[in-house]
Amino acid sequence: MSSLEVLLIAIGMAMDAFAVCLGVGTLQEAAGPRRTFRLAWHFGLFQFFMPVLGWFAGRSILHYIAAYDRWVAFGLLAFVGGRMIQSSRGSAQQTLQNDPSRGWSLVLLSVATSIDALAVGLSLGLLGITIWYPAAVIGVVTGLISWAGVSLGYRLGTRFGRRMEIIGGIVLILIGLKILVG
């Protein structure tokens, strides 16, 4: 897998976090460098660990589905991308507690935005691709994009958040198609 493909996957995976950060950024309670850092750090950290967990799961079941691994990888990426596109059509914004950069709100948002990364890690494990470099890139890119999302959200509101989820979903589906075609 090329560095460009890893970067595109990372950007696609970061779109959920970006959309959430845009929404959170519109809240006055999320303003400030400390809160922005907490959100970006946790989103990036969870986006790093979830593909690693998925990769270990993918490596452990590889011998059962080796003949179908490209189809499984495509299916998982298409499913995740489709879910991102579908969720972009949902309600305009989730109701958040006063400070989403602390406590259980932060943990829940971090998990919610990184569940898809588990499927990406599983796909990479099925394809026999080493996980550490992609996971690090996904984590760093998500952290940076999350930081930008909170900052932009504070200034611009949620106007573009849903569109970014659609773009992220399309990128994941296209990467899945490339894997399938080989």
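The values are calculated or read from the model by the stated rules, or taken from the named source; none is laboratory data. All values reported here derive from a predicted model rather than from experimental measurement. FYI the Cβ positions are ideal-geometry reconstructions off the backbone, even for glycines, and counts take in every protein chain you see.
For the stretch 84-114, the set of residues classified as modelled with pLDDT of 75 or more and within 15 Å of I173 (Cα to Cα) consists of I85, Q86, listed by residue number. Among the residues of the stretch 20-40, those identified as at pLDDT 80 or above and buried (at least 24 other Cβ atoms within 10 Å of the Cβ) are C21, L39.
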